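Participant: What follows is a structure written as structure tokens; I'll ask about it next.
Rule-based calculations on the coordinates, nothing more; no lab input. Predicted, not measured: the structure shown is a model, and the values here were computed from it. Methodologically, a virtual Cβ is constructed for each residue, glycine included, from the backbone with ideal geometry; neighbour enumeration extends over all protein chains shown.
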Amino acid sequence: MKKILFLLAISLYSLFANCNTIHWITFTDTTDPKVGEMDKVAQKYLYSKWIDKVNAALAEKCYKSKIYKFDGEDTKPEQCKEIITNLKCEKEDIVVFYYIGHGGRSIADNVKYPQLIFAQNYEEMCIPLMWVANELQKKNARLTLTIAMCCNSFTQGLSPKNGISFGVEKGSAEFSKNEINAIQKLFLGYRGDITMSSSSIGQPSWGYYIPQINASMDIFTYMLIKNFTEYTNDSLDPSWHILLSRIKSDVSNSTNQQRANGITMQTPQYDIIVQKTEILGCEQKRIPTPPVVEDDIIEVNKNGYVNQKMTEIFDYIINTNNSLEDRIEKSEKLKTIFAKNAVVRILGADTDIVVNKQNLSDYLDIATGSKKYYKIVIHSVSIDENKKITEIKVKEYLKK
Amino acid sequence: MKHFFIQMVCIIIMLIITSTLFSCNAKRNGFSFANDSIITKEISANNDISDSILNIMMNANRVQANLYVSSMDTIREIASKNNLNREDMGALKLSLLLSEIHETDAIVYGRFLPKVSFLFSKGKEACIIEVDFGLNQLKVILINSKLTFTIYNDILLKETVLLFPNDDFLPFLLKQQK
């Protein structure tokens, strides 16, 4: 395992020495007895329909993605504090924070955003969303989005805080050049900070059955993804103001229509401080530097780490801005850590159902020579006793 | 215009029923809803609580009210009224009937922390109501079941403020709802 990580780290350092990064920090309370099951649906939906898609669009502009995914028992305030405090980012990086779980506010809180409860029971451990937003904004990234999907209702025993006291598709996803351009305009065409919570002061946030996806999930995440998908498909010149106002309006209307089912009005709130900016081109100047193993912040699980690093290598291999020779060279290097009969299983865009299976080396050859990929996201990696990769599961994002 | 007229007529009918009930209350110094099941049904038209549960509540001859300070890991009782007097009991029953309450199986992304509970009992029949006014949710607890309802107006909150006037969380919520 260590050997694989070391090899991956070495190849990555030289590949992405001058790349910018989009950092995704997601906390999902998937083990809560009340909301856990719905949160699993929301997390899956969030990744397949938003995060992977944005990463695919930005990969074309030489943005690599770094995902800090916390769920289950890792949905801890301590993890949040650590990741937010230690996050290192460059001036042109993008940071997105997304929380799904319980929340609330004190009657003495003087900001409009809620406190995040995480998967724990101590009020003093709750983290105000404003603290997260302020800390992330201090990093001076190009664009910072801080979003919380939780209640903003008044909660007994919660003290005020300013800081911390401690729908199924088969096959691969395809998206058009217009959609890619629109995503790039939203994430790279704006500089600034956006903070959003799923409900206004005193309001709860709701989750219920959504016929369109034949499952229950929180209505805010559903509307965010639905509007993001529709808007990036339709609009040539998208703006955050319009996108967020559409989400706000749809969540309000949906909850209002559910009154007879015991659901009260939920109105998302947000602050947008952004200015339009030029979209940077893809300038990759690779400097031959002695390989250094990067600090591994994601100590959550090693498999997650391998998945992410493999995804980053695939980003390089499928990026047609890099020379074919380089891509082949990296691809051949990667093959040395594959077992003899290693296979790749391709998952459906919105599911974990395998829709195709192939020899891994053949797949890598095709991916290296092809122009059809925006992104290949690695979902799992299996390793045998000889520390060789025997199987990977991937999701593909293809050009239309 | 027609819709508005119907709404006005409904409101007037509701006011007449309410004032009749209150005048009865004044005369009889407390009243039993069991004697007036038609009126109970009329008033509770906007209320999803089933007839069987309403019957337990309205027929109760003993109501115990408890006030709590809850936090995420503890629930502590801070005040209690073991046996509400007839006026308070009548007013509480009326508040429950006049509240717009809808049953829900939707999930809310906040922790349910009861601020007040009411135990309605008569003989062997009993039910408990727990209310979180922050989430505007009410749970009805019977021997074998627990049902969740959303509250859409502040009538029950106002009544609870009258029952426990020294609490500071409830008046704050009342002010917010206005």
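Participant: Out of all DSSP beta bridges in region A:309-400, what portion is antiparallel? Express it as a percent rounded to 5.
Facilitator: 70 percent
Participant: Where a Cα-Cα gap under 14 Å defines reach, which aspartates and glutamates qualify for A:K330, not counting those fewer than 8 residues away within the same chain?
Facilitator: Partners found: A:E312, A:D315, A:D365.
Participant: Testing the spin-label approximation: label points 7 Å from Cα along Cα→Cβ at A:T31 and A:S370. State their distance in nm.
Facilitator: Going by the 7 Å Cα→Cβ label model, 3.8 nm.
Participant: Moving to a separate point now. Go ahead and estimate [θ] at 222 nm for chain A from helices alone: -39,500 (n - 2.57) per DSSP H run with n ≥ 4, summed, over the residue count, rounded to 500. Could the numbers behind the result be given before it?
Facilitator: On the way: 11 runs with 137 residues, N = 400.
So the helix-based figure for chain A works out to -10500 deg cm²/dmol.
Participant: Right, next: I'd like the antiparallel share, as a percent to the nearest 5, of DSSP beta bridges with both residues in chain A. Working shown, then result.
Facilitator: Values: 30 of 69 bridges.
Antiparallel bridges: around 45 percent, rounded to the nearest 5.
Participant: Rounded if a/c is under 1.5, else prolate if a/b beats b/c, else oblate: with a ≥ b ≥ c from the C-alpha gyration tensor eigenvalues square-rooted, which is region A:302-399? Don't skip to the end; give the middle numbers.
Facilitator: Numbers: a/c = 1.59, a/b = 1.13, b/c = 1.41.
Judged from the Cα gyration tensor, region A:302-399 comes out oblate (a/c at least 1.5, b/c at or above a/b).
Participant: Quick check on the exposure proxy: order A:I247, A:I225 from fewest to most C-beta atoms within 10 angstrom.
Facilitator: On the way: A:I247 24, A:I225 21.
Ascending Cβ contact count within 10 Å gives the list A:I225, A:I247.
Participant: Take the alpha carbon gyration tensor of region B:32-178, find the square roots of its eigenvalues, order them as a ≥ b ≥ c, and report rounded if a/c is under 1.5; if not, report prolate when a/b exceeds b/c, else oblate.
Facilitator: Judged from the Cα gyration tensor, region B:32-178 comes out rounded (a/c under 1.5).
Participant: Hey, another quick one. Label A:N359 and A:E73 with points 7 Å out from Cα along Cα→Cβ: what is the distance between them in nm?
Facilitator: 4.2 nm
Participant: Hey, another quick one. Classify region A:48-182 as rounded, prolate or oblate from the Cα gyration tensor: take a ≥ b ≥ c as the square roots of its eigenvalues, call it rounded if a/c is under 1.5, otherwise prolate when a/b beats b/c and oblate if not.
Facilitator: prolate
Participant: Taking the number of other C-beta atoms within 10 Å as the exposure measure, put A:R105, B:R76 in order starting with the fewest.
Facilitator: Working: A:R105 29, B:R76 10.
Result, fewest neighbours first: B:R76, A:R105.
Participant: Then there's this: Ranked by Cβ crowding within 10 angstrom, fewest neighbours first, how are A:R142, A:R246, B:R86 ordered?
Facilitator: Working: A:R142 20, A:R246 17, B:R86 14.
Ordered by Cβ neighbours within 10 Å, fewest first: B:R86, A:R246, A:R142.
Participant: Between A:A108 and A:T85, with labels modelled 7 Å along Cα→Cβ, what's the label distance in nm to one decimal, could you check?
Facilitator: 2.4 nm
Participant: Mind checking the mean number of beta-carbon atoms from other chains within 10 Å of the Cβ atoms in B:64-72?
Facilitator: On the way: counts 0, 0, 0, 0, 2, 2, 3, 9, 14.
Across B:64-72, the average partner-chain Cβ count within 10 Å equals 3.
Participant: Output the pairs from A:K185/A:K375; A:K226/A:K372; A:K64/A:K161; A:K185/A:K248; A:K61/A:K387 with a Cα-Cα distance over 28 Å in this structure; if there are none, say none. Before the final figure, lay out each step's value.
Facilitator: Details: A:K185/A:K375 18 Å; A:K226/A:K372 25 Å; A:K64/A:K161 35 Å; A:K185/A:K248 21 Å; A:K61/A:K387 34 Å.
Where the Cα-Cα span goes over 28 Å, the pairs concerned are A:K64/A:K161; A:K61/A:K387.
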